[in-house]
1. Set the Förster radius R0 to 22 Å, insert the Cβ-Cβ distance between Arg246 and Thr2 as r into 1/(1 + (r/R0)^6), and round the FRET efficiency to 0.05.
2. How many Å² of accessible area per residue for the chain, probe 1.4 Å?
3. Between Gln98 and Arg53, what FRET efficiency comes out of the Förster formula 1/(1 + (r/R0)^6) with R0 = 30 Å and r the beta carbon distance, rounded to 0.05?
4. Label the chain by shape, choosing from rounded, prolate and oblate, from the square roots a ≥ b ≥ c of the eigenvalues of the Cα gyration tensor; if a/c is under 1.5 it is rounded, and otherwise prolate applies when a/b is larger than b/c, oblate when it is not.
5. In nm, to one decimal, how far is the modelled label at Arg168 from the one at Asp81, with both set 7 Å along Cα→Cβ?
6. Could you give the size of the charge dipole of the stretch 18-147 about its Cα centre, using +1 on the Cβ of each K and R and -1 on the Cβ of each D and E, expressed in debye and rounded to the nearest 20?
7. Quick one: what are the phi-derived ³J(HN,Hα) couplings along the stretch 40-54, Karplus 6.51/-1.76/1.60 with θ = phi - 60°, whole Hz, x for glycine and proline?
8. Can you send over the carbon and sulfur percentage of the accessible area for the chain, probe radius 1.4 Å, protein chains only?
Amino acid sequence: MTDLYSVRMHARAKNDHLCGAERLQTRDGLEAACLELVRRALAHERGVADQVRISIDRVDPGTVVRVPLPTLETWLCDDADRGRQLALRSLVEAGVPQDVASRAMARLAAGPAPGGGVMRGAMLVDVASGERFEPDPARGVRASRMDLDPDTVDALGRGLAALDLDNRHVREALVLAAKVLAAPGMVAELCWSDDPSYTAGYVAAPGFGYRRFPHLKPAGCPLGGRVFFIDRTQISLAALIDYLERTPVLAGGPVRLLPARQPEEA
Ligand code: PML
Ligand code: MG
């Protein structure tokens, strides 16, 4: 495989997280990737960036791990209350106890950082106790150094376009969920966007893949983020965090996208 570079962007506004994104690019794609990420940071709907950092690290091709993209399905809902009910049901189906799932969801809704704001990374929640295990609770644990396998870009673009879902939120979240689901001891992931105009979110789990909901928060709300639900008995926390933050991952393989549907009544 040709050399790859990890490109990471992080922008802050008034000392708070504004936005971030990551890519794994060949040398040829590096400059375009940086330009796109800088433009994104400078025109972000969450606010005006005071600081934009771009990090570029060469990746040893022998260390790249390949993971499958999860199956994507949309469960339709009319508003955030219904979406959160369905997300809670999905977390319980994935193996997260109801009280742990509801508490984590309430924390995400209130703003997961200590002062109630958003975080750069995710909450790491143990499914047995509901306890949080991020080493830095103001930052969280950020899944990083991943991208779509170049061989899968066209097929995924065509499939998402057919469902009217070919936007960067879906593409990037699907890749991130692919990396997260391949982590040892991962029970489920919950996410909704912190971008005020983007109301959709998802629950991902090894048993059913990437289940998205068009509304997990009301439009205009700037609070969102991610929760990784883990089974601590199965893992070394340090190894898990190292995998999520540092192991380079390409997500690809067959593209499995199901049509949107109304969920059955519980
Ligand atoms: C984000 O881009 O902030 C997260 C978006 C999660 C939902 C993406 C989707 O529509 O499936
Ligand atoms: Mg965002």
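1. Working: r = 21 Å, r/R0 = 0.94.
So the FRET efficiency works out to roughly 0.60.
2. Numbers: 11930 Å² over 266 residues.
Averaged over the residues of the chain, the accessible area is 45 Å².
3. 0.15
4. rounded
5. Taking the simple label geometry, Arg168 and Asp81 are separated by 3.5 nm.
6. Working: 18 positive and 19 negative charges, 46 e Å.
The dipole of the stretch 18-147 has a size of about 220 debye.
7. 4, 5, 7, 10, 8, 5, 7, x, 8, 6, 8, 8, 10, 10, 10
8. Exposed carbon and sulfur together represent 50 percent of the surface.
The values are calculated or read from the model by the stated rules, or taken from the named source; none is laboratory data. It should be emphasised that the depicted structure is a prediction, and the values quoted were computed from it without experimental measurement. Cβ: placed from backbone, ideal geometry, glycine included. Neighbour counts: every protein chain shown. Surface areas here come from the heavy atoms of the whole protein model, side chains and all, with no ligands, DNA or RNA. Shrake-Rupley method; radii C 1.70, N 1.55, O 1.52, S 1.80 Å.
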